[in-house]
Protein chains: 2
Amino acid sequence: MAPLRWGICTGGEISHDFVASLQGHSDNHPIVAIATRSLERAQKFATKFKIPTAYGSYEELARDPNVDIVYIGAINTEHPRLSKLFLTNKKNVLCEKPLALTLHETQDVLKTAKESNVFFMEAVWTRFFPVSAKIRELVSSGKLGDVKSMLLNFGLDLPDRERTVKREMGGGALYDMGIYMVQMTTMVFGEGPTSSHTHGFLNENGVDEMYTTVMKFPNKAMATLACTYKADYPNEVVIVGTKGRLRIPDHFWAPTDLIWSSPNGEPIETFNFPTPESSAEYSLGPLWSGMLYEADAVKQAIQEGKKEHALVSWKETELLATLMEKARRDLGIVWVHEGQSPVVVLA
Amino acid sequence: MAPLRWGICTGGEISHDFVASLQGHSDNHPIVAIATRSLERAQKFATKFKIPTAYGSYEELARDPNVDIVYIGAINTEHPRLSKLFLTNKKNVLCEKPLALTLHETQDVLKTAKESNVFFMEAVWTRFFPVSAKIRELVSSGKLGDVKSMLLNFGLDLPDRERTVKREMGGGALYDMGIYMVQMTTMVFGEGPTSSHTHGFLNENGVDEMYTTVMKFPNKAMATLACTYKADYPNEVVIVGTKGRLRIPDHFWAPTDLIWSSPNGEPIETFNFPTPESSAEYSLGPLWSGMLYEADAVKQAIQEGKKEHALVSWKETELLATLMEKARRDLGIVWVHEGQSPVVVLA
């Protein structure tokens, strides 16, 4: 079967690590082109990773006939525009999360994906880790009994970098970090909550620096999600069932460990799935070698002729966007670019 | 100095363990009388613990001139009436938490305590453990930096015993368990939150079975409190400061361990203060030997001529009641006995 030829859109930290992960472990993922807003930067990136083609514009990448799929590692605010650019040029697309800062834009991109009839996925990479598969297996097997509650926290004392604190760059804890927790709840419960309420603080730029979301799920189950970019939390997820409990210790967003215990905490089984070893250097840390998991999954889905991946379907992306939108409205975040465009309803 | 002579009001599990704790460790706490609604039960309790006097009515205990202080271990709904009975008879009172099911009743009891000019304290025993003293020391020393967040969870899969599930008995997770978390937040922050929002589920009797409270504190700090009587949580408290973190592992309500770490979780110092050893048998478990700590504190305060204890002042009890009231109103709990009595404002 023909290899899937990757084009990379933007040359920031996350694109760097995506390429490092793909090249560091496997010859299965040829990377054939890189585009950034500056040809010089693109060439530098291309040289470092031995990528044959460098572009100083995204439009050139979109027209490159040698590219099968584009990975979008741009900042949050650019995701919808770039997704649409590549989709309308019939490229398959893997776009970093969050796909957009509003539900409206998310629906607009998904509509474009549908019309373009190519593969599209929001890069919710956490779901492709072996630990996530084990969580789904244990939950669906009934070994935990009924899941009654999820307790999640994600706090990092991040430097005041612009993309985290600035409203015009789509910053804030919710859209930078919160989506990791939200996707964990919908993965475990297999559906969205019946209600969601968020309380927190905005920073002086008008995006959230700390918040907690409380979700109610069917069968009187709940999830509690605490998040901040101003302090270090334990960064754990606890899934509480009537017959057992799961704990995903620090770094649940790129999970390598899972502890299954009885309801009162006696260990039953411990799982450890280290991320693929590689000699590559990562900007964001060695955990990012785990991006290979989602790349493998995307490749397989495309080769099977699919337009979306079952683990992060378009419907799921819309659900995540709906929940993020509810949380940001509760917090009072109003994006700079929000216009009066009508909401697009996905057919 | 004359010993403080205790009278015990009701002979349930918690009274049993209170007496066991006092007698098991010390001759400093003579217990001179026990009263229950049935003389036979009182006599049985008296025989077991070698208590000289047994009464079949609370009024007799209130009039006993040999009793200096009454410990009230009755069910929640009875606390205000019994507190007032003993206070108006000029007995010092230590009443189990929660003092009342409404703010109005709490204020009414505190007003009676003030008029009676005797010692009164709500039995928030957690605050008297050495671990709690260590928490206060570390927070006030500035060693944690600014406390930005507290993450608390308290979940026990309790059998459907009447006093837990029944509205007419003052049941529900909030009033049975939640107060332990609420008092931990006000102890650490040294003040009440600027806002508090609670979301959860009521059971078929109309009291809460699961809920989460989100509190905002000054200086953009928050607390997240998750609680249920339907499932076992890790039952931990994490206090997140800008310079360090504290973790109180399972059983934070009767804390014997404390882990002080750097912001990212590297251990700095671990503290262990086991509860006093004793050969006594406890209905609720050996941790309850820690009730001695509050009894010692109460005794000392009374011997110093105080009417309230600095660690659980009347103002603090009123604050806790205010926060519990806000949470139950958010949840939609309406007590069976709630009348239209005007709110008493404490001078």
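Selection over region B:207-220 of residues that are of a type in the set (D, E, K, R) and over 18 Å from A:Leu225 (Cα atoms) gives a count of 2.
Taking helices (runs of 4 or more DSSP H) that fall entirely within region A:58-169, which contain at least 3 residues that are over 30 Å from B:Gly145 (Cβ atoms), more than 14 Å from chain B (Cβ to nearest Cβ) and of a type outside the set (Asp, Glu)?
Values: elements: A:58-63, A:79-88, A:103-116, A:130-140, A:162-165.
Helices (runs of 4 or more DSSP H) meeting the threshold: A:58-63, A:79-88, A:103-116, A:130-140.
Kindly indicate whether any position in region A:200-218 is more than 30 Å from A:Gly170 (Cα to Cα) and crowded, with 17+ Cβ neighbours inside 10 Å. First the steps, then the outcome.
So in region A:200-218, the residues more than 30 Å from A:Gly170 (Cα to Cα) come out as A:218.
If we keep only those that are crowded, with 17+ Cβ neighbours inside 10 Å as well, we get none.
No, there is no match, as no residue in region A:200-218 is more than 30 Å from A:Gly170 (Cα to Cα) and crowded, with 17+ Cβ neighbours inside 10 Å.
Name every residue in region B:199-234 that is small (Gly, Ala, Ser) and within 20 Å of B:Glu325 (Cβ to Cβ), in order of residue number. B:Gly200, B:Gly206, B:Ala223, B:Ala226, listed by residue number.
Looking at region B:197-222 only, could you name the residues that are more than 9 Å from every other protein chain (Cβ to nearest Cβ) and either under 17 Å from A:Val214 (Cβ atoms) or charged (D, E, K, R) (or both)? Give the derivation first.
Quick first cut of region B:197-222, residues more than 9 Å from every other protein chain (Cβ to nearest Cβ) only: B:202, B:204-208, B:217-219.
Residues satisfying the conditions are B:Leu202, B:Glu204, B:Asp208.
Scanning region A:298-315 for residues that are in contact (Cβ under 8 Å) with a residue 40 or more places away in the chain and over 14 Å from the mean Cα position of the chain (by Cα) yields a count of 7. Beta carbons closer than 6 Å, at least 6 apart along the sequence or on distinct chains, pair a first residue in region B:198-223 that is without any contact (Cβ under 8 Å) to a residue 24 or more places away in the chain and of a type outside the set (S, T, N, Q) with a second that is surrounded by fewer than 24 Cβ atoms within 10 Å (Cβ to Cβ) and not in a strand (DSSP E or B) for B:Phe201/A:Lys220; B:Lys216/B:Pro193; B:Lys216/B:Thr194. If you check A:Ser283, A:Ser279 for being modelled with pLDDT under 95 and either charged (D, E, K, R) or touching a helix residue (DSSP H, G or I) at 6+ places or on another chain (Cβ under 6 Å) (or both), only one passes: A:Ser283.
Each row is one residue, and each column tells you yes or no for (1) touching a strand residue (DSSP E or B) at 6+ places or on another chain (Cβ under 8 Å); (2) of a type outside the set (Lys, Arg); (3) not assigned by TED's automatic domain parsing to the domain that holds B:Glu168.
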site	(1), (2), (3)
B:Leu22	yes, yes, yes
B:His25	no, yes, yes
B:Ile31	yes, yes, yes
B:Tyr55	yes, yes, yes
B:Arg63	no, no, yes
B:Val70	yes, yes, yes
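The number of residues in region A:229-283 being within 30 Å of A:Gln23 (Cβ to Cβ) and not β-branched (Val, Ile, Thr) comes to 22.
Going through (1) touching a helix residue (DSSP H, G or I) at 6+ places or on another chain (Cβ under 8 Å); (2) outside any strand (DSSP E or B); (3) at pLDDT 95 or above; (4) among the charged types (D, E, K, R) one by one, B:Glu209 falls short only on (2). In region B:183-206, the residue that is farthest from A:Leu225 (Cα to Cα) out of those that are in a strand (DSSP E or B) and under 21 Å from the mean Cα position of the chain (by Cα) is B:Ser196.
Against the numbered list (1) under 20 Å from B:Leu287 (Cα atoms); (2) of a type outside the set (S, T, N, Q); (3) not in a strand (DSSP E or B), B:Lys48 comes up short only at (1).
The values are calculated or read from the model by the stated rules, or taken from the named source; none is laboratory data. Everything quoted here is computed from the prediction, not taken from an experiment. Note: ideal-geometry Cβ built from the backbone for every residue, glycine included; neighbour counts use all protein chains shown.
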